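All of the numbers you see were taken from the coordinates with simple rules; none came from a lab. What you see is a predicted model; the values in this text were computed from it and never measured. Here the Cβ positions follow ideal geometry from the backbone for every residue, glycine too, while neighbour counts run over all protein chains shown.
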Amino acid sequence: MSNPIIFFEGIVCPPSESLALRSVWLHLTVLLKRDVDFLLETEKQNKDIYYKWIKRTYLTDFISELVEVEEEVHGLRIGEQAKKRPHLSFDRVSYDNLQQIISILS
């Protein structure tokens, strides 16, 4: 299994579009046939909030696990701020920048 793609906290909330997030997963796993896990990394105090959010927006279909920042999980992070490297800086995942994100991840 390759290193996971790790979304950091706010990147899964508006202005990100949940269908665009799902499109990233779909493109990598179905079209490119990559065996990759998608995780959500969050601060410990925010874990319950984000769990409820991804459950309510049906993002649990492809986000396999919530991990805390303190955990030593290695993978490519996507978010607004670089917490750990490697990191792609985006303020949102939407149909406006979806092709750019997919081309970088491909």
Amide H to amide H, which residues 5 or more places from Phe90 or on other chains are under 5 Å from it, using H placed in the peptide plane? Gly79, Glu80
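Using alpha carbons only, what's the Rg to Rh ratio of segment 15-68 with Rh from Kirkwood? Intermediate results must be reported in sequence, preceding the final value.
Numbers: Rg = 11.7 Å, Rh = 11.8 Å.
Over the Cα atoms of segment 15-68, Rg/Rh equals 0.99.
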Dmax and Rg, reported as Rg then Dmax, of segment 36-96 (C-alpha, Å): 11.7, 32
At 7 Å along the Cα-to-beta-carbon direction for both Lys33 and Lys55, put a label point, then send me their distance in nm to one decimal. 3.6
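Working out 0.36 nm times the residue gap between Cys13 and Lys83, then minus their Cα-Cα distance, what length gain in nm do you get to one decimal?
On the way: separation 70, 0.36 × 70 = 25.20 nm, distance 1.77 nm.
Result for the pair: 23.4 nm of gain on full extension.
Report relative contact order for the chain in percent, whole number only (criteria: Cα-Cα under 8 Å, sequence separation at least 6). Show your work: numbers first, answer last.
Values: 163 pairs, mean separation 40.9, N = 106.
Computed value for the chain: 39 percent relative contact order.
Starting from segment 1-81, pick out the trypsin sites (Lys or Arg not before Pro) whose DSSP state is loop and whose Cβ has at most 16 other Cβ atoms within 10 Å. Provide the component values of the computation, followed by the final result.
Details: sites: Arg22, Lys33, Arg34, Lys44, Lys47, Lys52, Lys55, Arg56, Arg77; in loops: Lys33, Arg34.
Filter output for segment 1-81: Lys33, Arg34.
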P(r) over all Cα-Cα pairs of the chain, 10 Å bins from 0 to the longest distance, whole percent per bin, short to long, reads 15, 54, 30, 1
Tell me, which longest segment in the chain has none of the GluC sites (Glu not before Pro) that fall in DSSP loops with at most 14 further Cβ atoms within 10 Å? 1-42
